[in-house]
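The values are calculated or read from the model by the stated rules, or taken from the named source; none is laboratory data. Not measured: the values here are computed from a predicted model. With ideal geometry, Cβ positions are generated from the backbone for all residues, glycine too; neighbour counts draw on all protein chains shown.
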Amino acid sequence: MEIQRDYYKERIAEEERVRSIYHDLKNHLLVMESRQNTAETRQMAQALRSQIADYEDYVHTGNEFLDIILKDKAAKARERKIDFSALVDFKGMDFLEPLDISTIFGNAIDNAMEASEQLPEEDRLVTVKAERVRDMLLITVENSTPPGIPSTGGTTKCDHFVHGFGIPNIKKAVEKYDGQCSFRPNDGTYLLKILIPIP
């Protein structure tokens, strides 16, 4: 747990550094394109834009720790040809410990991507949402899925010793805050719904 905490601290510091560079770089590109409108400068600008493209779609949740997790999962989803979207407002949710945020979102998204990845590329979809609804934090993770996915617990992986802890770990983290979660398959989709009271 200490190693994981240190890892995320380093990632947050690195994200801050890159965001700072990205902020200035956008301005530099504008100057480069407007003053030296040659084929060479346009090509340089295009190359630089492609290198920072990932940061255009950076998810700002209101929680730096969750920003890192979602950015990491979005990159993995792109590698696996999964259409990934996140609409998350996590401002004021500092009562959740970082490792519990990692357990809930990390396992939920990993499970969703694993199920979605079994489909053809054009059908792969994972959607993550989180917001305050009155005095509750509502988190949903929905994914497209092939038929026959179990609705609770267990694993579709061969190594049951290593895998299959995702759902129980999510439940444990949610129950720590007197929350509850439900898992519901529904005609080609699978929905994880979490409700946590906000203190």
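Of all residues in segment 65-98, which are of a type in the set (A, V, I, L, M) and assigned to a helix (DSSP H, G or I)? Talk me through it step by step, then tell me what you get.
The first filter runs over segment 65-98 and keeps only residues of a type in the set (A, V, I, L, M), leaving 66, 68-70, 74-75, 77, 82, 86-88, 93, 96.
66, 68, 69, 70, 74, 75, 77, listed by residue number.
Identify all residues within segment 72-107 that are among the charged types (D, E, K, R) and either surrounded by 18 or more Cβ atoms within 10 Å (Cβ to Cβ) or not assigned by TED's automatic domain parsing to the domain that holds residue 143 (or both); write none if there are none.
The answer is 73, 100.
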